[in-house]
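Asker: Handing you a structure now.
The values are calculated or read from the model by the stated rules, or taken from the named source; none is laboratory data. Note that the structure is a prediction, hence the values are computed from the model and not measured. Glycine gets a Cβ as well: all are built from the backbone with ideal geometry, and neighbour counts include every protein chain shown.
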Amino acid sequence: MGAPSAGLRQYLIVTSAYWSFTLTDGALRMLVLMHFFRLGYSPFTLAFLFLLYEAAGIVANLIGGWLATRFGIARMLMVGLSTQIAGFLLLAALSPEWSAALSVAWVVAAQGVCGVAKDLTKTASKSA
């Protein structure tokens, strides 16, 4: 059996990237939720942590197709994955010494970045 065709290879790369993204994104959201739950945050505050994530995802979804058409599907997939890494780095920079308000604001902003990443990656993956 020879090497996979170029189309199959591309499909496997995109599918692997999307699966990896989906697993890490879901794990990230659960870790954020469990961390702030353990700190005693109210259900309202916990829901607020993901508000910008969803709102940013809606905006990214609205323009994701146009961006993929203009700049290319492969480039948008890479931008989405890179943006997710940036969101991870922002969350990793969260300091336990920060005030509650600053911590929540920081996580909301980082989740917004991750929301953009989610829909850029999803749009590019499904278009590919």
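Asker: Being exposed (fewer than 13 other Cβ atoms within 10 Å of the Cβ) and in a helix (DSSP H, G or I) is the requirement here; does Arg9 meet it?
Answerer: Here the answer is yes, as Arg9 does meet what is asked.
Asker: Still on this model: Quick one: count up the residues across the stretch 54-66 that are buried (at least 19 other Cβ atoms within 10 Å of the Cβ) and at pLDDT 85 or above.
Answerer: The number of residues fulfilling the criteria is 2.
Asker: In the stretch 83-115, what residues are among the small types (Gly, Ala, Ser) and surrounded by 20 or more Cβ atoms within 10 Å (Cβ to Cβ)?
Answerer: Selection gives Gly87, Ala110, Gly112, Gly115.
Asker: Name the residues in the stretch 71-128 that are more than 19 Å from Gly26 (Cβ to Cβ) and of a type in the set (D, E, K, R), would you?
Answerer: Hits for the stretch 71-128 are Arg75, Glu97.
Asker: OK, next. When you check Tyr18 against the structure, is it aromatic (Phe, Trp, Tyr), surrounded by 15 or more Cβ atoms within 10 Å (Cβ to Cβ) and not in a helix (DSSP H, G or I), yes or no?
Answerer: no
Asker: Is it fair to say Lys118 is closer than 26 Å to Tyr11 by Cα, at pLDDT below 90, within 12 Å of the chain's Cα centre (by Cα) and surrounded by 13 or more Cβ atoms within 10 Å (Cβ to Cβ)?
Answerer: yes
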